[in-house]
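Worksheet for the structure shown next.
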Amino acid sequence: MSAQTQRRDEPARHRLKTGAEFKETLRDGRALWVNGSRIATVFDDPALSAGVDLVASMFDDQFDPAFADATTYVDCGVTYSRSWQVPRTKEDLADRRKMIEYTSLKTAGTFGRPPDLAPAIAVGLLAHLPAFKAKKSLIEGCDPDFAENIEAYVAFGRDNNLTASESLTGPQNDRSSPKGAEASLLKVKSVEKGGIRVSGAKTVGSISAQANEIFFTNLGGIRETPAEACIWASVPIASEGIRLISREMVSHPGADPFDHPVAALGEEADQLIIFDDVFVPKDRIFNLGDPTAMSWYGPVCVFAHWHVLTRLAVKAELFVGAGQLVLDVLGTGHIPAVQGMLGEIIQYAQTLRAFVTAAEAMAKPTAGEVMAPDVGMLTAGRLYSIEHYPRIIHILQELCGQGLVMRFGKKAFENPDIGHYLRDLLPGKGVSAEVKEQLMNFVWDMTASSLAGRVALFENVNASPAPRLRERLYNEVKRERFVQQVKTLAHID
Ligand SMILES: Cc1cc2nc3c(=O)[nH]c(=O)nc-3n(C[C@H](O)[C@H](O)[C@H](O)COP(=O)(O)OP(=O)(O)OC[C@H]3O[C@@H](n4cnc5c(N)ncnc54)[C@H](O)[C@@H]3O)c2cc1C
C-alpha cells in the first residue's frame, strides 16, 4: 500500500466540496452564450444545468463511503479529491485510475472532460518540473518562476477541490493560411505589474462553462510559434474578458429516464472561448515565451491521454454489457453469427483494457518523480480505440435490429388506448416490453442519439485525430531493438 493511501483516518480532515458548494462556485458572473443569447448563469440552460447536477453528484459522492475510495485519497491525515492525486508509484496509478473509472461510469463515458481530466494536465507539468524549472521567460517585464507556479497550482487545485477545463487547440479556420494560423493563437498583448494580458481564442473547451478554471496553451508542436504565443497558464473561467460561446445542445435534460437514461443526464458543453485582454496573474503562468516548452504537449498530456484511454475501456465494457443484454432479451444468443458479433465487441473491450494495463505496467518515473504510464502503449491504444469505435457502435446497433428504432416512449406504454398493444406485441425473452424498450433506449442514447453523435465525433479527434497519432507512434516508439534483431537474423552488420 502506498504512502498516499495508508492513512484513511475516520473522520479525517478534508479539503472536499459538497455538490451544493461546487454549484455555488459557478455563480460567479461568467459570460456565457447559448443559442446566441447571453444567459445569466450556467443554470439557465437546461442541458448545461443537468450536466452541472451530474458533476455535483460526483462531489457529493466523495462523502459517500461507497465511493470514498474511488474519489478521494488521504495524505498526512487530510482527505483530498483523487482528481489532484500525484501518482508516485505504480500502485498510486492504479488508485488514481479508480477515479477515472468512477467518473467514466457515472457519465456512461459521455463526458470526455469530467472534473478529473484537466487536473491530470497540471500533474503532467509537475511530472516534468525540472524541465520547466530550467526555463526562463522570454517576455520582457514578466519573469515568473514556472516550477514554483506549477507546484503551487497543483496544491491550490487539490486544496480547493477545483474543477478545470483545458483548451489546447485553436479555433478552426483556413489551415493553409499563415494569417489563419496566427489568428488561431492566443497571444500576450501586454505586460503589467503582476502579470500579463492575453487576447485571442481557444476552442472546444469542453466543460468550460461548468468548471472553475481553464487551463490553456497553444497546442504544442506548432512550428515557429511566436514568443508571445508560447504560453502555458490557467485562469478562472469568470475572469474579465473571457466569453464562452456554446455550441448547440444535444442531450435531453428533463426527459423521463425511461426514455433517455443517458441523455437525460445533460451534457458537457463545448465552447469557443474568447479571450479579450484577459489578465493572467504571474503566479498562474507555467511557461512564457519559450518555444521549447511548446513541444512538451506529449509528455505533459500523458496522464490526460491515460484518462482518455481508460474512459474508452470502461465505455467498451458498457458496450459488452449492453450487447449481452440485447442477446438475452432478444433470445439471439444461440445464433453463432450473433455470438461472433458480440465477440468482436468483447475483443475491443479486452484490447483496450490490455493497453491500459500495459501502459501502467510499463510506467516509469519522470524527471519530476511522478509515475507516468508508457506513452507508446497509450498512443497505440488510443489509435486502436478510435479506429474501431464506429465499427463497434455499428455492431451494437446491428445486434438490436428493429428494436433500436421502434421505441415508443413511456407515455405510449401508459396510454390505455395503445399501451396494451405494445405490452402484448413487444415483450422480450423473459422480460416485459417495457424492460426491452428501456434497454433499447439505453443503446439509442449511447450509439444513435444526437448526444451519441457528438460523443462519437469527440472520440475521433478530442486528443488528436488518427493521422496525428500514427505520426506520434512513428516519432515516439523506440524500435532500435527490433531493427537489431532483424539485422542479426539477416546477417547484416
Ligand atoms: C466535441 C469535441 C470536443 C473537444 N474538446 C477539446 C477540449 O476540451 N480541449 C481541447 O484542447 N481540444 C478539444 N477538442 C479539439 C481537438 O483537440 C481537435 O479537434 C483536434 O486537435 C484536431 O484539430 P482540429 O479539429 O482543429 O482539426 P484541423 O486542424 O482543422 O484538421 C482537420 C482534419 O485534418 C486532418 N489533419 C489536419 N492537420 C493534420 C496533421 N498535421 N497531420 C495529420 N492530419 C491532419 C485531421 O484528420 C483533422 O481532423 C475537441 C474536439 C471536439 C470535436
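Each Lys and Arg contributes +1 and each Asp and Glu -1, all at the Cβ; summed about the Cα centre of segment 301-489, the dipole is approximately 560 debye. Listed by chain and number, the aspartates and glutamates whose alpha-carbon sits under 17 Å from that of Lys189, ignoring those within fewer than 8 places in the same chain, are Glu140, Asp143, Glu228, Glu240, Asp276, Asp277, Asp290. Here the peptides 469-482, 319-332 are ranked by packing, the mean other Cβ count within 10 Å, and the order with the highest first is 319-332, 469-482. The charge dipole of segment 3-292, taken about the Cα centre with unit charges on the Cβ atoms of Lys, Arg (+1) and Asp, Glu (-1), comes to about 680 debye, rounded to the nearest 20. Beta-bridge orientation, the chain: approximately 80 percent antiparallel, per DSSP, counting only bridges with both partners inside. Basic side chains Lys and Arg get +1 at the Cβ, acidic Asp and Glu get -1 at the Cβ, and with that the dipole of segment 431-493 about its Cα centre reaches some 400 debye.
Reducing segment 16-68 and segment 448-473 to their Cα centroids gives an inter-centroid distance of 26 Å. Can you tell me the orientation of helix 46-61 relative to the chain, as the angle in degrees between its alpha-carbon axis and the longest Cα principal axis, to the nearest 10? That works out to roughly 80 degrees. With contacts taken as Cα pairs under 8 Å at a separation of at least 6 residues, segment 191-304 carries a relative contact order of 41 percent. Kirkwood hydrodynamic radius computed over the chain comes to 24.0 Å, based on all pairs of distinct alpha carbons. If you take the Cα centroid of segment 136-173 and the Cα centroid of segment 355-421, the two points sit 32 Å apart. Candidate cross-link partners of Lys410 among the lysines, defined by an alpha-carbon separation under 23 Å and a same-chain spacing of 8 or more, comprise Lys429, Lys436. For the chain, take the longest principal axis of its alpha carbons; what is the angle in degrees between that and the long axis of helix 336-361, to the nearest 10 within 0 to 90? Approximately 20 degrees, to the nearest ten. Comparing Ile39, Gly170, Ala68 along the charge dipole axis of the chain, the residue lying farthest to the positive side is Gly170, per the Cβ-charge model.
Of the GluC sites (Glu not before Pro) found in segment 113-152, the ones in coil according to DSSP and having at most 15 other Cβ atoms within 10 Å of their Cβ are Glu140. Helix 146-159 and the longest principal axis of the Cα set of the chain meet at an angle near 40°. For each pair in Lys135/Lys364; Lys202/Lys315; Lys133/Lys315; Lys17/Lys315; Lys23/Lys364, compute the distance between the two Cα atoms and list the pairs where it is over 31 Å. Lys133/Lys315; Lys23/Lys364, as the Cα separations exceed 31 Å there.
Charged neighbours of Met99, selected by a Cβ distance under 9 Å, balance to +1 (K, R count +1; D, E count -1).
Here the sum of -39500 (n - 2.57) over DSSP H runs of 4 or more residues, divided by the residues of the chain, equals -14500 deg cm²/dmol at 222 nm, to the nearest 500.
Have a look at Phe355, Ile392, Val477 and report the one farthest towards the positive end of the charge dipole of segment 301-489, computed about the Cα centre with Cβ charges (Lys/Arg +1, Asp/Glu -1). With unit charges placed on the Cβ atoms, the residue in question is Val477.
Computed from the coordinates by the stated procedures, all read-outs in this text should not be read as laboratory data. All figures in this text were calculated on a predicted structure; none of them were measured in a lab. Neighbour counts run over all protein chains shown; Cβ positions are idealised from the backbone, glycine included.
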